[in-house]
1. Only counting other Cβ atoms within 10 Å, I'd like CYS278, CYS475 sorted with the fewest neighbours first.
2. Could you work out Rg/(2.2 N^0.38 Å) for segment 235-349, with Rg from alpha carbons only?
3. Calculated from DSSP H runs of 4 or more alone, at -39500 (n - 2.57) each and per residue, what is the 222 nm mean residue ellipticity of the chain, nearest 500?
4. Please determine, in degrees from 0 to 90 and to the nearest 10, the orientation of helix 41-52 with respect to the longest principal axis defined by the Cα atoms of the chain, where the helix direction is its Cα long axis.
5. Looking at the chain, how many pairs of lysines come closer than 21 Å at the Cα, when each pair is eight or more places apart or spans two chains?
6. Mind putting together the pair-distance distribution for segment 8-165? All Cα pairs, 5 Å bins, whole percent per bin, short to long.
7. Taking a quarter of the surface of the convex hull around the Cα atoms of the chain, what do you get in nm²?
8. Order these peptides, 314-323, 190-199, by their mean beta-carbon neighbour count within 10 angstrom, highest first.
Amino acid sequence: MAWNVLAVWTVAIPLNGVSMDYLPIFLDIRSARVLVVGGGEVAARKVALLQNAQAQVIVVSPDLVPALLEMKAAGAITHIARSFAVEDVAGARIVIAATNHAATNKLIYQTATAARVPVNVVDHPALCTFIMPSVIDRSPVLIAVSSGGTSPVLARLLRARLESLVASTYGALAAFMAKRRPEVRQRITSPRARRRFWERVLQGPTAELLLAGQGVAAAQVFDRELAQPEGDGAGLVSLVGAGPGDPDLLTLRALRLMQEADVVVHDRLVAPPILALCRREAQRIDVGKNAGHHAVPQEQINQLLVDLAATGQRVVRLKGGDPFVFGRGGEEIDALVEAGIPFQVVPGITAALGCAAYGHLPLTHRDYAQSCVFVTGHCRKDTLELNWESLARPHQTLVFYMGVAALPAISRELMAHGLPATTPAALIERGTTPEQRVLTGTLADLPQIVAQEAICPPTLIVIGEVVRLHERWKCRTDRAETADLRAAG
Ligand code: SAH
């Protein structure tokens, strides 16, 4: 990635909140001679950074670590194989010292400052006329974070936060804007109207589709908006997987969209702590469904999404788990495509994966299961029309969604088609939430266990030898817990 254009944000943390100790700037060092003294790992990291910024790097050091040797072999750096000499500074745009000799570092600092060349002695703020920030690279957008040398750890943590906030594809957005700017200038002559237009584009579907990697669809929406700059603006529907319950399992993109939404259309399956993360001002529409009872018929939901987006709103269609796993996401997209509404799909962690991880039940295992099948246990017209022969195969894990009501039939059919009655089976109730419960039994007795327990939806059924692992691990952890309690008591 080449850092050759501009920076947009700088985050500096002033020490006293009033004056800044440093002026954040972005230096154009393309093809400039940059001197790095030192041949260790630290020097190698600095050299890599300088190369990203397209500098011509000279490394002065008697020897080099493998990373630098590789760069030398590739012709990416010039190596002067000896210790630092004062004449090395001549002609350098900046100097970086990364040696562990205090006297050499000081000499480098003195030589560079005498020659008025900016110098940075790594990890010695007193010997620096400039300091290097932590960088979030979304070229051409760059975000630099500095704690003014007071706490590199704080700067790093802040950088990690920003990394997760700013989509990794931000650069594509900036590049698109740069490319289309002349056209926009020609079409919209008033600077104010132009600014309004760009603000709308950056908060609208063009930007969102670019961030989602859908360049062609983004360009189409952009062209439409540019043809009618004073219109309502295009809406966008994002089908977002909200995961199985634990808000920590949301994707970064899901969270960002939820926080930018104008309207959130959600299912009953979406847990309240997840809904709480949506933008507070967003309108919320509950189209929740109970098993067998559709609060809002699917066709009406489809139409609702179309109507909301047609008024230019950012619509988030929030679904439990993943939108494309027993989520009827396909039907909603059919309607959107029909109506010419831009859309995107954001995957979520499906119940099977969430329940497996939090319930300690691997879905596949070298010794127990080489395949895993997700099946719906939802009855159409009171019958379960499934390919029981293929489901009753050995060495396979079966995960039944929406299967509690049909569990007696599932158990009966699988046994009738050859799966042993002793096959281990588990039921995971409200997986990944604080109320999660895992009940285990066998294919034969699980229906009875369910009949005796009051089961709360949503619940998933897992059938297969992998359930043995859950039991084995549970015994061990139970024993450890008892031992802990004894020790504590
Ligand atoms: N799209 C969703 C599935 C919707 S079907 C997904 O990918 O997960 C609804 C079924 O999913 C429920 O009947 C239940 O079997 C299962 N389910 C969803 N969330 C669950 C959870 N937290 N714990 C257990 N099962 C869950």
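1. CYS475, CYS278
2. Compared with the compact-globule rule of thumb, segment 235-349 sits at 0.94.
3. My calculation for the chain gives -11500 deg cm²/dmol from helical runs alone.
4. 90
5. So the count works out to 4.
6. Reading upward from the zero bin: 2, 9, 18, 20, 20, 16, 10, 4, 1, 0.
7. 33.4
8. 314-323, 190-199
Bear in mind that the values in this text are calculations on the coordinates, not laboratory data. Note that this is a predicted model, so its numbers are computed, not measured. Cβ atoms come from the backbone with ideal geometry, glycine included; neighbour counts cover every protein chain shown.
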